[in-house]
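The values are calculated or read from the model by the stated rules, or taken from the named source; none is laboratory data. No experiment lies behind these values; they were computed from the predicted model shown. Here the Cβ positions follow ideal geometry from the backbone for every residue, glycine too, while neighbour counts run over all protein chains shown.
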Amino acid sequence: MRSLAAKLSIAFLIVGLLGVGLIALFASRATQNEFRNFIFDEYSDTFIDELVEHYRTYGGWNGIQAALPLPERFPFQGPGAGPHPGSFITMTNGSGAVIIGGAGYRSAEQIPQDVLDKGVPIKLDGEIIGYLLDTREAFRQNPSEIAFLNRVSRLLFFGAIGALLFSLLLGILLSRALTRPIRELTTATQAVAAGDLGHTVPVRSRDELGQLATAFNRMSGELARAQDLRRQMTADIAHELRTPLSVILGHVDALAEGVLPANADTFDVIREETTQLGRLVEDLRTLSRADAGELALNLQSISPQTLLERARAAQRPFAVEKQIELSLEVESDTPHITVDAERMAQVLGNLLSNALRYTPEGGTITLHTAAAEEGVEIRVADSGAGIEAEELPHVFNRFYRGDKSRQRETGGSGLGLAIAKSIVELHGGRIWAESERGQGATFVVWLPAE
């Protein structure tokens with residue numbers, strides 16, 4: 001099986017062969033025609049001058065056929081040389097009647113004017129006294145001129161061979177240059193298929209092959225990051241499951257050994273850890289369904305104000321407990337949106353829960369909604385400590401916690417913002433965070449307007 005480079009080389013060779021052959025053929029034909037025209041232009045004027053002199057001497061064309069002043073290069077001069085001289089010359093008088101018939105014309109035949117216009121006029125004192133038709137065959141090349149044309153033909157032939165060899169060499173070089181990125185991509189693809197995620201190829205150009213290499217590098221990098229995230233998520237899930245399970249098993253063992261009393265406090269701890277474990281499993285199930293596109297949406301038209309009022313009502317007891325003010329700002333021109341009200345309530349609940357967790361006592365959380373470009377923006381802004389700039393791109397990652405020192409009990413499962421992002425994107429929207437350290441954080445949800 002031939003390689004792509006070999007196929008390209010053969011293609012270049014075929015194209016070069018056809019191109020050079022056609023060019024050589026056309027060049028040879030054009031050279032011969034132009035040389036014939038040159039000979040005709042060079043000697044026809046002298047021939048016509050002799051015809052004009054005959055006309056002036058005899059006062060007409062009487063005796064012209066017998067006294068035809070043949071050019072010295074006429075091919076059939078001399079006794080017994082061949083056909084009658086008129087075989088190659090057709091001559092008419094001024095009115096277009098044939099005087100010397102040649103190339104199929106008969107004597108005294110009247111030639112149409114459009115044919116005469118293609119001939120060479122014979123003039124005396126500005127008056128047309130005759131025409132010459134089909135005279136170029138009468139001015140054939142002499143042996144030295146024929147030898148010159150043969151030398152030109154040989155030069156064209158050898159030039160064509162040289163151009164063909166050069167095109168073959170150029171084709172080989174170009175085919176290797178063109179297939180080099182493809183070979184590198186093939187090797188890199190095989191490496192990725194073997195598990196070497198993150199393998200990249202050099203980008204050598206800005207053409208389609210360069211764009212393909214760039215896209216491959218981006219894909220390889222994304223695969224490597226996805227693998228790292230998957231490994232990290234697996235470790236995080238194991239950690240999150242281990243903590244409540246360890247607490248539950250510890251209390252069960254203590255109960256079995258009589259170390260802890262079987263009272264309400266002990267069972268409350270077990271129940272709380274079991275509930276936390278159930279929430280974690282449900283969050284993981286929600287994320288899994290969202291990633292697989294299996295999260296069903298019950299879409300309905302609803303006012304953003306209604307969503308915010310429900311979310312504020314659901315979180316008000318926790319805000320009162322921490323003495324945090326929940327304020328609502330709704331602009332009058334905010335359009336309706338088509339969403340799953342229960343899922344969006346889950347999104348806003350996660351955002352509010354996150355804001356309540358990091359807003360100090362006596363702080364404020366503002367729920368704001370307004371019309372945006374082709375949609376609606378919902379903002380949840382708190383007066384907490386804010387988020388560091390380098391942490392903003394990661395806040396929606398699963399199990400991500402900006403404060404590495406905080407405990408699981410105060411930091412949640414680390415899945416709330418990831419779930420919110422998945423649900424918002426299922427609605428065709430976007431979600432992002434804005435913050436400056438020490439000035440609180442704002443989470444923005446953009447949803448398409450109804």
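Could you count how many residues in segment 232-260 are outside any helix (DSSP H, G or I) and among the hydrophobic types (A, V, I, L, M, F, W, C)? It would help to see each step written out before you state the result.
Here is the first cut: in segment 232-260, the residues outside any helix (DSSP H, G or I) are 258-260.
In the following step, the residues that additionally are among the hydrophobic types (A, V, I, L, M, F, W, C) were identified as 259-260.
Qualifying residue count for the region: 2.
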| request: For segment 226-236, state whether one or more residues are at pLDDT 80 or above and surrounded by 17 or more Cβ atoms within 10 Å (Cβ to Cβ). | output: no
| Number of positions in segment 300-314 that are within 41 Å of the chain's Cα centre (by Cα) and surrounded by fewer than 16 Cβ atoms within 10 Å (Cβ to Cβ) | 2
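Here is a list: GLU72, GLU53. Which entry is closer than 30 Å to THR92 by Cα, at pLDDT below 70, surrounded by fewer than 14 Cβ atoms within 10 Å (Cβ to Cβ) and of a type in the set (Asp, Glu)? Steps first, please.
Numbers: GLU53 fails: at pLDDT below 70.
Exactly one residue qualifies, and that residue is GLU72.
Quick check on ALA371: is it surrounded by fewer than 19 Cβ atoms within 10 Å (Cβ to Cβ), touching a Ser or Thr at 6+ places or on another chain (Cβ under 8 Å) and under 24 Å from ASN298 (Cα atoms)?
yes
Being within 30 Å of ILE89 (Cβ to Cβ), at pLDDT below 85 and assigned to a strand (DSSP E or B) is the requirement here; does LEU132 meet it?
Numbers: within 30 Å of ILE89 (Cβ to Cβ): yes; at pLDDT below 85: yes; assigned to a strand (DSSP E or B): yes.
For LEU132, the condition - within 30 Å of ILE89 (Cβ to Cβ), at pLDDT below 85 and assigned to a strand (DSSP E or B) - is met.
Take the residues in segment 77-101 that are of a type in the set (A, V, I, L, M) and in contact with a strand residue (DSSP E or B) (Cβ under 8 Å, 6 or more places away or on another chain); name whichever of them is modelled with the highest pLDDT.
Initial filter on segment 77-101 (of a type in the set (A, V, I, L, M)): 81, 89, 91, 97-100.
With the extra rule that they be in contact with a strand residue (DSSP E or B) (Cβ under 8 Å, 6 or more places away or on another chain), the set shrinks to 89, 91, 97-100.
Working: ILE89: 72, MET91: 83, ALA97: 90, VAL98: 87, ILE99: 85, ILE100: 80.
The residue in question is ALA97.
Would you point out the residue of segment 316-341, among those that are in a helix (DSSP H, G or I) and aliphatic (A, V, I, L, M), that is farthest from LEU295 (Cα to Cα)?
Taking segment 316-341 and keeping what is in a helix (DSSP H, G or I), we get 316-321, 341.
Imposing the further condition that a residue be aliphatic (A, V, I, L, M) reduces the set to 319-320, 341.
Values: ALA319: 30, VAL320: 33, ALA341: 14 Å.
Among residues in segment 316-341 that are in a helix (DSSP H, G or I) and aliphatic (A, V, I, L, M), the one farthest from LEU295 (Cα to Cα) is VAL320.
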| task | Quick one: ILE302 ticks every box in (1) outside the structural domain of GLU361 (by TED's automatic domain parsing); (2) within 21 Å of PRO448 (Cα to Cα) except a single one, so which number is it? | result | (1)
| note | All conditions in (1) modelled with pLDDT under 80; (2) under 30 Å from VAL52 (Cα atoms); (3) surrounded by 13 or more Cβ atoms within 10 Å (Cβ to Cβ) are true of SER167 except (2)
| query | List pairs: first in segment 143-158 and under 11 Å from GLN32 (Cα atoms), second β-branched (Val, Ile, Thr) and modelled with pLDDT under 75, Cβ under 6 Å, 6+ apart or cross-chain? | reply | none
